[in-house]
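Scroll down for the structure; my scribbles are underneath it.
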Amino acid sequence: MKQDPDYAQAMNQAVATLPVRPPLADPDSVPSAPSWLGDHRGPLTVTDNFAVLDDPVEQETFTQRIEQPDGDLAESVLMVQGMYCAACADTVESALQGLPGVQQARVHAATRRLTLRWDPSATRMSSLAQVVGERGYRLLPMQQALGISERLRETRQGLWRLFVAGFCMMQVMMYAWPAYVTEPGEIPADIDQLLRWASWVISLPVVFFASGPFFESAWRDLKHGRVGMDTPVSIGILVTFLVSSAATFDPTGPWGAEVWFDSLTMFVFFLLGGRYLEFKARDRTAGALDSLMNRLPEVCERETAQGLETVSVRRLVVGDVVRVQAGQAFAADGELLSERATVDEALLTGESRPVTREQGQGVVAGSFNLGGPVRMRVMQVGRDTRFAQIVKLMEQASTEKPRLAILADRIAAPFLLLVLLAAAVAGVYWWQIDHTRALAVAVAVLIVTCPCALSLATPAAMLSSAGALARRGVLVRRLQAFEVLAGINAVVFDKTGTLTHDRLVLREVATRAGVGRDRALALAGALAAGSLHPVSRALAQHSTGQQLVDVREVAGQGMQARLPDGTGVRLGSAAFCGAPLADAIEDAPRAHLSDDHGWMASFTLEEGLRDDAREAVLALRALGVRTWLLSGDRASAAEAVGQAVGVDHVIAGATPEQKLDEVTRLQAQGLTIAMVGDGLNDGPVLARADTSFALGHAAPLAQAQSDYVIQGGQVMDVVHTLTQARATLRVVRQNLIWAAAYNVVAVPLALVGWMPPWLAGLGMAGSSLLVIGNALRLAGKTPASSSINPVSAPASA
């Protein structure tokens with residue numbers, strides 16, 4: 001495989017690089033990576049021997065281990081460089097399937113991601129990358145593949161090809177114009193021949209430089225017995241050029257009546273222009289996910305005894321102290337050592353407003369430092385960070401092929417063979433009628449019927465929506481879930497941690513005569529600070545710094561202490577504090593306060609409703625969706641919450657098994673259900689529902705069973721995601737209808753000779769661009785945060 005001289009330079013984006021050994025003649029003789037990689041201070045360079053992919057530290061960024069009874073496997077997610085269509089994805093999959101040690105290879109055409117499950121004891125990643133390299137593609141870790149230098153190189157090369165095609169097209173059209181505006185015989189034969197020769201010379205850069213990507217892709221496919229989407233295009237370009245060249249060299253021959261250099265240069269220009277715009281548009285759809293997943297810096301500044309040193313973030317360990325510059329992302333989860341920092345945590349919470357972190361508070365990887373330089377101590381690195389868990393979920397979404405996309409890819413492969421057959425039949429048919437038009441008709445059929453738009457219709461729309469939701473703090477685990485969510489007609493909510501906060505709030509304070517409310521709360525808050533009980537945590541928020549001595553907890557009863565003047569105080573149950581029982585409120589959690597003179601105060605608490613819970617339920621009802629509250633809590637508590645938020649039905653006192661039975665029963669009635677839980681203890685019922693949401697940033701992302709994870713904990717995001725899913729399915733249907741209608745209309749026009757090759761190229765490029773552009777509308781469809789009025793309603797625990 002030929003080495004790209006600019007590649008190594010493009011892949012290095014930091015100050016330090018690693019010297020890489022030259023490729024060895026025998027790939028099997030490459031030494032194990034750790035024997036020569038050593039420690040380094042910057043990102044690694046991926047070269048054509050790919051041995052750097054065997055470095056275990058580097059592999060941690062794109063590979064995870066999967067425990068199996070008969071031995072561990074590895075699952076890697078890599079970018080495939082050089083892909084242009086679904087046929088390229090099939091080529092890469094076919095190259096890897098069946099190799100020793102490869103369990104599964106799946107390529108997503110729209111995002112160019114390869115998910116590879118392989119056995120490290122049977123093969124090495126560098127060997128697999130070399131096999132793919134022999135097919136003309138590169139396997140790269142995402143952070144390198146999506147780096148700024150690499151993107152600029154690809155964009156610059158694409159613009160150069162487009163410029164050459166456009167410039168030559170204009171020159172050729174200048175030479176072809178006289179033939180369009182004069183009658184036959186008006187142009188002298190020698191001048192006509194001179195114009196043909198000039199057009200031939202100027203077409204050479206178009207064919208041999210600008211058309212390079214089409215020929216390279218087609219040749220790769222044909223070498224391995226496959227027909228890709230660039231095969232008909234390449235045949236059309238080559239046949240048009242050869243026949244026009246024959247007419248130029250032998251004007252009296254069978255092809256000498258006409259040349260098609262103008263059509264050739266025009267449709268190459270239109271195809272390259274469409275591909276470039278498609279690349280930029282796709283970068284805004286799948287790129288929305290990429291930008292979120294690759295926000296960690298390549299390197300950071302670590303403090304040592306000698307001062308600051310620049311190291312790769314993958315070389316950080318727990319306990320390191322790092323310096324984070326203004327505008328830079330935190331490279332790991334850690335503890336803030338500086339006095340304060342202003343950070344942007346939009347990826348983690350969906351909250352666009354900056355938040356302030358004080359000294360000793362935690363900062364998370366992937367959040368941006370918006371103030372001046374700050375210092376932090378690393379507490380968690382690599383896959384242990386919450387950012388890594390988010391990336392894992394987003395990788396699952398970006399590598400999954402939705403059902404409609406799989407169907408479209410299956411249709412595209414045989415469709416390409418039909419295209420070649422149709423072009424051949426059209427050429428033979430028109431040769432018998434008018435051989436001067438046979439070539440133009442055959443080429444137009446080859447160009448116009450490429451099924452690119454069909455293959456892009458579904459993934460472009462779903463990836464655009466997934467990126468838009470990710471910017472709101474809603475993570476999509478499965479793209480297929482959009483199709484299911486768009487068709488739901490019922491939403492089932494869990495109560496605690498979903499419609500209510502997972503903590504208690506103070507509702508009422510009753511005191512004895514002569515004891516003020518503030519005094520009672522101050523004493524209760526000071527006592528509660530020493531306990532982890534949920535009631536104590538709610539009261540501890542009201543502490544004012546009251547001094548206590550001899551504080552201790554009595555198991556199962558409460559807290560007791562003494563004031564500085566020696567007065568004893570207690571906080572706990574009614575029996576422990578000698579509180580009156582006559583005024584007890586049924587089913588409401590209560591705590592009592594007493595001193596040496598007896599009962600002082602009683603505190604009634606409740607579960608606090610989420611501010612937007614009622615608004616979300618009403619919005620779902622407006623969308624025609626029925627709502628249920630499914631809770632394991634007491635009937636009175638569940639009914640109070642259900643009435644407060646306005647759900648249609650309440651089911652209380654359900655065990656986990658009964659929750660599963662209830663969801664199954666509702667599904668048996670013909671309902672398509674979305675389950676909304678807190679993601680902590682709802683795993684089985686979330687998995688059983690047709691689609692599901694895990695609500696709340698406390699959910700363990702790596703173990704979440706839901707299709708969507710709402711990190712900010714806003715119930716209205718369920719509504720926003722539903723409306724986004726319905727809009728996504730509308731766009732998918734529009735794209736599929738357009739792709740089918742385009743071929744239904746364009747193919748007959750090309751067959752009857754009413755569509756010249758240049759117009760066919762414009763139509764093919766325009767169809768793909770229209771599909772991508774339609775999908776881009778979804779990127780701006782997520783609604784802004786609603787103006788939410790707090791709902792105050794009683795809710796018992």
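The values are calculated or read from the model by the stated rules, or taken from the named source; none is laboratory data. Note that the structure is a prediction, hence the values are computed from the model and not measured. Note that we place each Cβ from the backbone using ideal geometry, even for glycine, and neighbour counts take in every protein chain shown. These accessible areas exclude ligands, DNA and RNA; they are computed on the full protein's heavy atoms, side chains included. Shrake-Rupley method; radii C 1.70, N 1.55, O 1.52, S 1.80 Å.
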Item checked: Given (1) modelled with pLDDT of 80 or more; (2) open to solvent by less than 10 Å² (accessible area, probe 1.4 Å), number of the condition ALA460 does not satisfy -> (1)
Margin query: Go through (1) outside any helix (DSSP H, G or I); (2) surrounded by 14 or more Cβ atoms within 10 Å (Cβ to Cβ); (3) more than 42 Å from the chain's Cα centre (by Cα) for ALA524 and report which single condition fails.
Written below: (1)
Next item on the list: Among the residues of the stretch 305-320, write down those that are farther than 14 Å from ARG377 by Cβ, surrounded by fewer than 19 Cβ atoms within 10 Å (Cβ to Cβ) and not aliphatic (A, V, I, L, M).
Entry: GLN306, GLY307, GLU309, THR310, ARG315
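This table checks each residue for (1) at pLDDT 85 or above; (2) buried (at least 24 other Cβ atoms within 10 Å of the Cβ); (3) aromatic (Phe, Trp, Tyr); (4) not in a helix (DSSP H, G or I).
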| residue | (1), (2), (3), (4) |
| --- | --- |
| LEU722 | yes, no, no, no |
| ALA725 | yes, yes, no, no |
| TYR742 | no, no, yes, no |
| VAL747 | no, no, no, no |
| MET755 | no, no, no, yes |
| GLY761 | no, yes, no, no |
Next item on the list: Would you please list the contacts, defined by Cβ atoms under 6 Å and residues six or more apart or on different chains, that run from a residue in the stretch 418-445 that is free of Cβ contacts under 8 Å to residues at least 40 places away in the same chain to a residue that is crowded, with 20+ Cβ neighbours inside 10 Å and among the aromatic types (Phe, Trp, Tyr)?
Entry: ALA438/TRP430
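Identify the residue in the stretch 620-644 that is modelled with pLDDT under 90 and aliphatic (A, V, I, L, M) and, among all such residues, is most open to solvent (accessible area, probe 1.4 Å).
ALA635
Being of a type in the set (Val, Ile, Thr), open to solvent by 50 Å² or more (accessible area, probe 1.4 Å) and either modelled with pLDDT of 85 or more or out of contact with any helix residue (DSSP H, G or I) (no Cβ under 6 Å at 6 or more places or on another chain) (or both) is true for just one of VAL492, VAL484, VAL569, VAL551. Which residue is that?
Answer to the check: VAL551.
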Next item on the list: Count, please, the residues in the stretch 604-619 that happen to be under 15 Å from LEU521 (Cβ atoms) and in contact with a helix residue (DSSP H, G or I) (Cβ under 6 Å, 6 or more places away or on another chain).
Entry: 1
Next item on the list: Filter the helices (runs of 4 or more DSSP H) completely within the stretch 563-659 down to those with at least 1 residues that are under 30 Å from ARG512 (Cβ atoms) and among the β-branched types (Val, Ile, Thr).
Entry: none
Item checked: Any chance TYR175 is open to solvent by 50 Å² or more (accessible area, probe 1.4 Å) and either at pLDDT 80 or above or in contact with an Asp or Glu (Cβ under 6 Å, 6 or more places away or on another chain) (or both) -> yes
Checklist line | Pairs with Cβ under 6 Å, 6+ apart, first in the stretch 507-521 and among the aliphatic types (A, V, I, L, M), second open to solvent by 90 Å² or more (accessible area, probe 1.4 Å) | finding: VAL509/ARG517
